[in-house]
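Below you'll find the structure, written out as structure tokens, and then a few comments.
All of the numbers you see were taken from the coordinates with simple rules; none came from a lab. Please read these numbers as outputs of a predicted model, since none were measured by experiment. Backbone-built Cβ (ideal geometry, glycine too); neighbour counts: all protein chains shown.
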Ligand SMILES: Nc1nc(=O)c(N)c(NC[C@H](O)[C@H](O)[C@H](O)COP(=O)(O)O)[nH]1
Ligand SMILES: [Zn+2]
């Protein structure tokens, strides 16, 4: 139901606010939900876990640890109807060269059916985020949860030098 989507996106935004501000990335929050049972399987925010980690990446790293598998094998052990909520759409390229979150989501195309995003990635670091198309081509639905764009962007860019 639409109400739930907003509630999960608001939870993701509260997670994003825990992320240490940096000028070279965005502060993002993410939540993985098992749709049939409407339960949260994992939460994450940018830089929550060791290394230069992204919010979505943290969710998957936690799930892999919980299930004792590598991130690559995660789709084999998770339920098959999951939703990923992320305040900023999954990245399709990272200036650090680390594996983009779209690639991580694509590996889980067997269980992640829908990605709910609060905003599309601004074109500050990466000219054009091609993620949405890659996800749709893999049969993953991308849904924009509207109404929180301004606050999501403010949180995401809190570490940036004000122009
Ligand atoms: N969806 C998403 N979740 C995040 O947690 C995060 N930080 C970004 N940010 C996207 C942005 O394009 C990259 O942060 C820069 O391209 C720098 O790349 P690194 O973060 O250093 O790997 N995007
Ligand atoms: Zn990412």
*Taking the Cα-to-Cβ direction at residue 136 and at residue 24 and moving 7 Å from each Cα, how far apart do the two end points lie in nm?*
3.3 nm
*asked:* Given the DSSP H assignment, sum -39500 (n - 2.57) over each helix run of at least 4 residues in the chain and divide by its residue total; what's the result at 222 nm in deg cm²/dmol, nearest 500?
replied: -9000 deg cm²/dmol
*Report, in degrees rounded to the nearest 10, the 0 to 90 angle that the Cα long axis of helix 55-67 makes with the longest principal axis of the chain.*
30 degrees
*Please identify which residues in the stretch 83-122 have an amide N closer than 15 Å to a label point set 7 Å out from the Cα of residue 40, following the Cα→Cβ vector.*
83-87
*If the chain between residue 127 and residue 158 were fully stretched, how many nm would it gain, using 0.36 nm times the residue separation less the Cα-Cα distance?*
9.2 nm
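Would you calculate the convex hull of the Cα atoms in the stretch 122-163 and tell me its volume per residue in Å³?
Details: hull volume 3.6 nm³, N = 42.
About 87 Å³ per residue, rounded to a whole number.
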*asked:* Could you list 119, 112 so that the one with the fewest beta carbons within 10 Å of its beta carbon is first and the one with the most is last?
replied: 119, 112
*Inter-label distance, nm, simple model (7 Å from Cα along the C-beta direction), residue 146/residue 76*: 4.3 nm
*asked:* Principal axis extents for the chain, Cα atoms only, whole Å, descending order, please.
replied: 45, 35, 29
*Specify the residue with the greatest mean-square fluctuation among 130, 46, 114, computed from a Gaussian network of the chain linking alpha-carbon atoms under 10 Å apart.*
130
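Can you give the % of DSSP beta bridges in the chain that are antiparallel, to the nearest 5? Show your work: numbers first, answer last.
Working: 11 of 21 bridges.
That works out to approximately 50 percent antiparallel.
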*Measure nothing fancy, just the Cα-based angle from helix 2-16's long axis to the longest principal axis of the chain, in degrees from 0 to 90, nearest 10.*
60 degrees
*From zero up to wherever the largest Cα-Cα distance of the stretch 38-78 sits, split into 5 Å bins and tell me the percent of pairs in each.*
6, 27, 29, 25, 13, 2, 0
